Amino acid sequence: MEINRRDFVKLIGTAVAGIAVGGGAAAIMKIPKSLEHVLFSGPKKETWKLTACGRCPGGCSLRVRLIDKFPIQAFGNPLSPINDGGICSMGLTSISDLYHPSRITGPLKKVNGKFVSISYNEAYNILSENLKNVIKENRQDDIFIIAQTDSAVRTDLFNKFSKAAGIKNLIIDNYEGNSLNPYYDAAGDAPGFIDFEKCDYILNFGSRLSEMSQSPLYFSRSLIDFREKGYKITAAGSKLTGGIFKSDEWVRIQPAQFGELALGIAYVLLKDEQYDKNAEKLITGFDSIKKYILDNYYPDNVEKSTGVPSETIVQIGRKFEKAKAPAAYFDETILYSSNGTLNAQAIIILNALKSFKGFGKVKDSFYSSIINNANAASGNAAFNTFKNTIANKNSIKVLMISGSNFIFNNTDQEKLKKEISSIPFIVSFSSFIDETSTYANLIIPDHNDLEKLDLNFNESTGKSVITVQQPVVDPFYKTTDTGDVIISLMKDLGAKSDFPYTGVADYVKSIAKKLYDNRTGTLMTENKFTEIEKGLRKIGWTSDQYSSFDDFWDSLLEAGGWWNPFGDKDAFAPKINLAGKFPGKFETIEMPSKNKLTLNIFMKNLDYRGSMSLNPVLVEQFGHLWSVFYLTWVEINPETARRFSLDDRSSAFIKTSKGKFPVVVVYNSSVLAGNLDVPFGLGHDILGDKAGINPLMFTENIFDKVSGKPSLTETKAEIVSSSSRSING
Amino acid sequence: MAKYGMAIDLNKCNQCGACVTACKVENNLQIVSKESAAKGRVMQWMRLTNLSYEGNDPDVRPVTIPSLCVQCDDPPCTKVCPVRATYKRDDGIVAQIYPQCIGCRYCMANCPYNVKVFNWFKEDQPVEYEKCYNKDVAVRMKGVVEKCTFCIHRLQKAKEQAAAEHRKLNEEDYIPACAQVCPSHAFTFGDLDDPNSAVSKLKRDYRKFVLQEELGTLPKVFYLNAKSM
Amino acid sequence: MNNSQMVDEDEVLFKPIYHSGKGFYILAAALLTVFLFGVIMYVRQLVYGLGVTGMNQPVTWGFYIISFVFFIGISHAGTLISAILRLSKAEWRRPITRMAEVITGIVLVIGGLHPIIDLGRPDRIMHIFERGRLQSPLLWDMTSITAYFTASTIYLYLPLIPDIALLRDRGGRFNKLYTILSWGYQGTEKQKHVLEKAISILMVMVIPIAISVHTVISWIFSMTLQPGWHSTIFGPYFVVGAIFSGIAALIIVMIVFRKAYHFEDYLKDIHFNYLGTLLLVMSLLWFYFTFAEYLTTFYGHEPVEMRVFLYKFIGGYAPWFWLMVVCNFLIPLIILSNSKTKTITGILVASISVSVGMWLERLIIVVPSLANPRLPFQTGIYIPSLTEFSIFAAAASAFILGFMAFSKVFPLISIWEIKEGREESVRLVSDRLNQYLPSKGHIKKIV
C-alpha cells in the first residue's frame, strides 16, 4: 500500500496541528502510530514463491505472492498436476492463518490454571524431564501420543520416535490412514487411486471426492472428465453435498446402512454369477461369505432395513456387474456411523467381486520406498484405545497432542474433558488455545504451514507427485517446528535411536537426495509431454542437468515440486482375509420418518477436522451457501418444516437427549424428509459465542466399534420453533 | 477494444465456494461482525445462490449459481448515478469510482441483480489482516457503494506488464480471481468481441442462459447448464 | 407608538407575536430537547457510518427516504392549496392561506434535508454540483425541489409584506427586521396593485412547479426496474397522495393553532367543513389510484410483481398495508361522509389518521419493493433503529418548532387579507355573482 491521499492529508493535518499546539520540530517528527507501517515499510517489491498447501492431504502446489517478503496472497500453481491452477477456500485463506490474531506467539506453561510465557529451552526441558521420568520407570505404556497430521514426513517422525522411545500408544488420526485402515486390516494393502483410465463406473459410498478426499481439487476435475466420457457415478448418502451433487444418481440412505446396501448389490452379482471368477481366489473363505450374502441379502430384505427400493438395488447391481472396471469407493467418512468399519469391509468384498479393477497402485512408488512401513499412516493404536484407557484405569501419565483437537471432534465431550483434566502432564503443539489445548500443561506452538519445510506425497492422480512445502517467510513468532521437537526428543530419549539427522530440514533434504539419486520423473516445471518424450523418458533419457545435489535442491524449491509422469501403474488385487471380522452384526438403524426426526450432521466441504472456522474469513463465509452467517443452521425439507410450522429463515431449537441448541431454519428441497441437516465445524470456544454451535455436543454416544469415530447421523432429535422473529437472509 | 465477458459452467461447478473466498481476499472485502451479519450486511461481490431446484422427489437437486455483477452492457445502475461514480468503461466493465461516490445507494436500488454492496460501517478487523491486504486494491471507506469489477486492477497490471514488454495484451494475461482459482475450471473468461475466444464460443453454446434476459440489460456474464443432470 | 395603546379589530391575530404563555416555553424546551437528541444521533451516524441505522443489504433505503417523500408530500399542502384557492377566488381561503404557505416553507427545508441525511458521504455533497449527471432522476429531483422552495418562499413572503408593514407600524421588537422586510410598503394603490399582480403571477407559476416536484419524486422510484415501483401511474399517484397528506397536515395545524391562539373567530366551522369535504374527495381519489395500481398488478400476475404484492397484502407488511387502507380510506370516509361526525374533532381525527396513513403509504411503497428484489436470493427485513426514530422525531419537532417560531415573528393569519375581505369581499362576490346570475335576480350592491 502506498501512502494514499487521505493518509497524506491526515499526516499533514497532524503535523500542522502539532506545530500549532506544541510547536517545534519535535511535534513534526512525531508520526502517528497508525501510519508507521505505511511510512516505514519497504520498496513494495513483489515476488512469488512456490510452496505446498498443508491444510489437507491434497498437497496442492501454491503460488504465494509476497510484497517485501511478506506473503499476502496464495493462488494455485498452474503447472501442478494435482490442482492445475485451481485452489480451494482453505488454500486461499492459508495466508490469513499466518496473520491470525489468536496465534500463540511462544511456548506457554500453565501455572495455577493460567498460561505464562516461557522460553523454548525451558519448555523443552519440562517436556523431556516428564517423559524421562516415565520412561525411567519403564511405564512407556502410560504415554499417549495423539497426532493429527496429513504430512507423511511428520507421521514418519512420530512413528520413528515412538519406536525409539518404546511408546506403543501412538494414535495417528489422519485422513489417509483412516480411509485406508479397513483395507490394511482386510488385505494388508490399500489401493493407491481410482484408475480413471480404466474405471467406467463409480459407486460412491458417502465420500465427498471433490470436497474432502486425498485431493479434492484433482477429483473436482477428474470426475467431470469421467462423466464427460459418458461414464456414470452413483452416490449413496444421506445428504446432497457438492460432492454427491455431481453424480448421475443419488441413493438416499443412512450412512450406517452402507454395508447392507453393498451386500445387497453383492447379492445381485453373486446371484447373476457375473462376478469376477478371480474373486474366489482373492477372498479367503469365499464360499461361506457367498452363502452368507445369498442367504441374508435378498434385495427385498435390504429394502426392508435400508429403505432403498429393491429395484434400485438390482439396477445398481446390474450396472456394477456390467462395468468392466467398476470402483466402489469409500473413505474416512464411512467411519462416522455405528457400523462404520463393518460397512467398509462389506464394500471391500463388493470390490473384490470385481477384483478391484477400478483401482490401481503406482508401480515402484517412490513414496513407499521412502516411508518404508506401508502402514505408517495409521499409527499403531486407535483412538478407542485412548478412550478406553482413560475411562477405565486412567493411568495415563503423559499425553502429547499434535495438531489434534479431539475434544471438539468427538461426541460425549463433557466426559472426555473431565477425564483428560486428570492426566498429570499434557503437552500440546497447537498454534491456538483451542478446546483441547486449553487442558494442556505445556504448549509448544508449531510453525504455521507457510513457515515450515515439508514434503507432500500424493498418488491419487495415478502418478507419483511430491510437492515441497517450503518456508516462504521467516517464523513470525517464537514457534518451533514440532518435527524438530520430536527429533530432539528422539535423540534425548531414544536409546535405540539411530536417526542421523539433526532436524526436519535435514531429514527432508535426505529424502530429496534419494530423489536426486533416483533420477526418475521431472521437476514440476512442465505438465504436458508428447508421446515421444514420454517414451524417451521411460527408457532413462533425461534433460535435467544438475551439477550437484544442492543445485537440484534449489531447482526443486523453485519448481515447487517433483513428479513422475512416466511411471507405470500396478493393478491392485490383494488377497482379502476377513476371518473373525466379517460377517459381523450390523446395528439396525431406525429410519428417519415423518415423526421421528434424525439429526444428520454433515461436514462442510474442505473442513476435515472442524478447523476451518478458526479462520476469520472462513468463519464469516461458513454458511455462505445459504446466506446464514455466524450461526448454525438446519437444512430441512420444506414439507417437514411446514408440519412443524417452521418458516424459512426463522429461528428454532433442536432438542436431543443431551439438550437443545438454537438454529436457523433453512428450506432445502433436496433434504431427506425426516432429516435435520446440521453443519459441523462452528462453535469453537476460541471464538467465544461468536459463531454457532458444535452439534457434536448434542449427539448420542454412538460410535463405530472399531475406529471409535462418533456417529454423525443416528441421533434422534426434535425441532421446535423458538419465536416468529425471522432472521435476515 | 476488447469486451470482457465470462461464462460459468454449472455442469462443472460443485459449489465449493472457492470463488467466493477468492473474491473476498483478492478485493480486500471487509469481514463484518456477527451483529452486522445478523442485519444482513455481509459484504460479498461474489456469492453462491440457489436459483431453483430440478429433478423429481427422490432425487431433487438445487441449481446453485455463482452470482456476481453480470456486467450489463446496458447497465441500469450507471443510468441513475447522480455523480457518475459508477460508469461503463469502453471495455465493457462496469466500474465504480469510490472517492466519487456520495453513498446515495440509488444504484443499489436499481440493480436488478442485487450485486452491489454498501459499506455501512468501518468494521473492526484484526489489524494483523491489514498486512495481508491485496496491495493492488484500495480499501473502501465507509459510506460508499462497491461492486465486482472483474478484478480490474489485474487488467491494469497486465496492461502495464504488456507495455513494459512491448507487446500486445494477450488473452491469458488477464483473468479475474474467481475464474483463476476455480478447482473444476467452471469459469471461462475472455474477450466477447473476438469470435474465436473460448468465451465467445461458449456464448453460442446451446446450454447458455443469462439471468433476467427479459430486462434487456445484456449481461456479459452468462451461465451454461444442461438439464437432466 | 406603544403597542398596548393600539387596539385593532384583529388584535387577537397580533397577540401571539407579543405574548407567549408558560406552555409555549415548556413545549419549546421539550421540542428542542427532542430535536437536539436527533442532532446528536445524526452526529453519531456521521461518525460511525450508516450502519447505525436499520438499513441493510437489500433494503438500502429506509426511514430517511420515507420521511423525505412524506415531508415533501406535506409541503404540497400549502402552496398548492393556497394557490388553487386564490386562483379560484374562494373567499373562505383568507384565514387559511398563510398557514398553508408556512407549512410548505418549513417542511420543504426539513424534507429536502432528508436525502442528505441519507447519504453515506454527506461530505461529498458538492460532487452533485461539480459533476452532477442530469440524466439521474436524483438531479431532476434536486432541481425541482430547489425551484419549488424558491417559488414557495417568495410566494409566502409576498403576501406577508403588508402584514410586516402593519407590524412595523406598531413598533416594538424586531422593528428593524420588519422595516427591512417590508420594503417600505405603505399600502398605496400602486404598491397594492404591484403586489397583487406579483401574487397572481406566482400563484399560476407555483402550481406546475408543485406538481412537478412530486411527480419527479415519484420518478425516482418509477424510473428503476424494481417490482412495485416501475409504474406509469406513480406520478399522479404521488401528487394526489401529496395533496391528500398536505390537506390533512393543514387541518391539523389549523385546529391546533385555533385552539392555542384562540383563532375561533377566524377559523370557523365552515372552513373545516370545506376542507373536510376536500379531504374526503382526495381520500376517494387516493383510493381510486391505489385500487387501479394494485388491480393492474394483480391482474397481470407477474411473478416478480406478485411477490411484492403478496408481501404487502398477506405477507410481512400486511399489518401496515391494511392499517394504511383503514387510515387513508375507511376512517376518513366514515367520519367525513356523515354530517354527525363531521365535527371539528371528527375532522381532526380523520386528518391525523390520514397523516399516519400517508406515512405508512410511503413506507409501503419504499420498503417492500426493496425487500423483495427481482432475484429472490436475498430477501430482507427492515427494522429501523433508534437513530432513525430519533431523527424522525427531530424532524417532526423541527416542524412544530419552526411553526412556533414563525408565529412569534409573523402573524399566522393574513391580517391584511382578512381586512381586505371585510371591506371588499361582499362587493367582489356580489359583483361576481351578478356576472353569472340572470339579471332579474341581481343582488343589491351593499356598498
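Throughout, read-outs are computed from the coordinates displayed, never taken from laboratory work. Quantities reported herein were computed from a predicted structural model and do not represent experimental measurements. Ideal geometry is used to build each Cβ from the backbone, glycine not excepted, and the neighbour counts take in all protein chains shown.
Indicate the gyration tensor shape class of region A:632-725 (rounded, prolate or oblate), computed on the Cα atoms with a ≥ b ≥ c the square roots of the eigenvalues: a/c under 1.5 is rounded; otherwise a/b larger than b/c is prolate and the rest oblate. Note, shape of region A:632-725 comes out oblate. Helices that extend 18 Å or more along their long axis by alpha-carbon positions and average at least 0.5 on the Kyte-Doolittle scale are, among the DSSP H runs of chain C, C:22-48, C:63-87, C:97-118, C:137-157, C:189-222, C:234-261, C:269-300, C:344-371, C:386-409.
Three principal axis extents describe the C-alpha atoms of the protein assembly as shown; from largest down they are 131, 84, 67 Å.
One way to sum up the overall shape of region C:1-156 is the equivalent ellipsoid from its Cα gyration tensor, whose semi-axes run 36, 23, 13 Å, largest first. Ordering C:THR79, C:GLY402, C:THR188 by the projection of their Cα atoms onto the charge dipole of the protein assembly as shown, which places +1 on the Cβ of Lys and Arg and -1 on the Cβ of Asp and Glu, puts C:THR188 at the extreme positive end. Mean-square fluctuations from a GNM of chain C, with a 10 angstrom spring cutoff on Cα atoms, peak among C:GLY73, C:GLY105, C:GLY402 at C:GLY402. Relative to the first principal axis of the alpha-carbon coordinates of chain A, what is the inclination of helix A:152-165, with its axis defined by its Cα atoms, in degrees from 0 to 90 and to the nearest 10? For A:152-165 against chain A, the angle is about 90 degrees. Annotation: the antiparallel percentage among DSSP beta bridges lying fully within chain A is about 60.
What is the helix-to-structure angle for A:383-392, meaning the angle in degrees between its Cα long axis and the longest Cα principal axis of chain A, kept from 0 to 90 and rounded to the nearest 10? Relative to chain A, helix A:383-392 is tipped by roughly 80 degrees. Assuming charge only on the beta carbon of Lys and Arg (+1) and of Asp and Glu (-1), the dipole of chain A about its Cα centre is about 780 debye to the nearest 20. Dipole of the protein assembly as shown computed with +1 at Lys/Arg Cβ and -1 at Asp/Glu Cβ about the Cα centre; of C:GLN226, C:ALA292, C:ALA210, farthest Cα towards the positive end is C:ALA210.
Summing +1 for each Lys or Arg and -1 for each Asp or Glu among the other residues whose beta-carbon sits under 11 angstrom from that of A:LEU170 gives +2. Would you mind telling me which residue in C:VAL366, C:VAL356, C:VAL429 has the biggest mean-square fluctuation in a Gaussian network model of chain C, where springs connect alpha carbons within a distance under 10 angstrom? Comparing C:VAL366, C:VAL356, C:VAL429 in a Gaussian network model of chain C, the most mobile one is C:VAL429. This model, with +1 at the C-beta of Lys and Arg and -1 at the C-beta of Asp and Glu, gives the protein assembly as shown a dipole about its Cα centre of some 2880 debye. Across chain B, the mean sequence separation of Cα contacts (distance under 8 Å, 6 or more residues apart), normalised by length, yields a relative contact order of 31 percent.
I need the shape label for region B:92-166. Rule: rounded when a/c is under 1.5, else prolate if a/b > b/c, else oblate, with a, b, c from the alpha carbon gyration tensor. Taking the square roots of the gyration eigenvalues as a ≥ b ≥ c, region B:92-166 is oblate. At an R0 of 60 angstrom, the distance between the Cβ atoms of A:ASN133 and B:LYS122 translates into a FRET efficiency of 0.65. Computed from Cα atoms alone, the Kirkwood hydrodynamic radius reported for region A:308-445 is 18.9 Å. Classify chain C from the C-alpha gyration tensor, please: rounded if a/c falls under 1.5, else prolate or oblate depending on whether a/b exceeds b/c. Verdict is prolate for chain C. Along its principal axes, region C:224-374 has C-alpha extents of 57, 26, 26 angstrom, given from the largest down. Projected label points at A:ARG642 and A:LYS232, each 7 Å from Cα along the beta carbon direction, are separated by 3.2 nanometres.
In chain A, taking the dipole from charged Cβ atoms about the Cα centre, the farthest positive-side position among A:VAL134, A:SER220, A:ALA52 is held by A:VAL134. All Cα-Cα distances of chain A, cut into 10 Å bins from zero to the largest, leave 3, 13, 23, 25, 20, 11, 4, 1, 0, 0 percent in each bin in turn.
A Förster radius of 45 Å, combined with the Cβ-Cβ distance separating C:ILE270 from C:VAL47, puts the computed FRET efficiency at roughly 0.30. Only beta bridges with both residues in the protein assembly as shown are counted; by DSSP, about 65 percent of them are antiparallel.
So what's the angle, to the nearest 10 degrees on a 0 to 90 scale, between helix A:175-187 and the longest Cα principal axis of chain A? Its long axis makes an angle of about 30 degrees. Among B:HIS153, B:HIS185, B:HIS166, determine the one that fluctuates most according to a GNM of chain B built with springs between C-alpha atoms less than 10 Å apart. Taking springs between Cα atoms under 10 Å, the residue moving most is B:HIS166. Across peptide B:94-103, the average count of Cβ atoms from other chains found within 10 Å of a residue's Cβ is 4. Cα centroids of region C:267-336 and region A:56-109: 60 Å apart.
Once the Cα-Cα distance is subtracted from the 0.36 nm per residue extended length, the A:SER102 to A:LYS277 segment shows a gain of 57.1 nm. Here the dipole of chain C is about 440 debye; that uses its Cα centre as origin and unit charges on the Cβ of Lys and Arg (positive) and Asp and Glu (negative). Model label sites at C:VAL12 and C:VAL429, defined 7 Å from Cα along the beta-carbon direction, differ in position by 1.9 nm.
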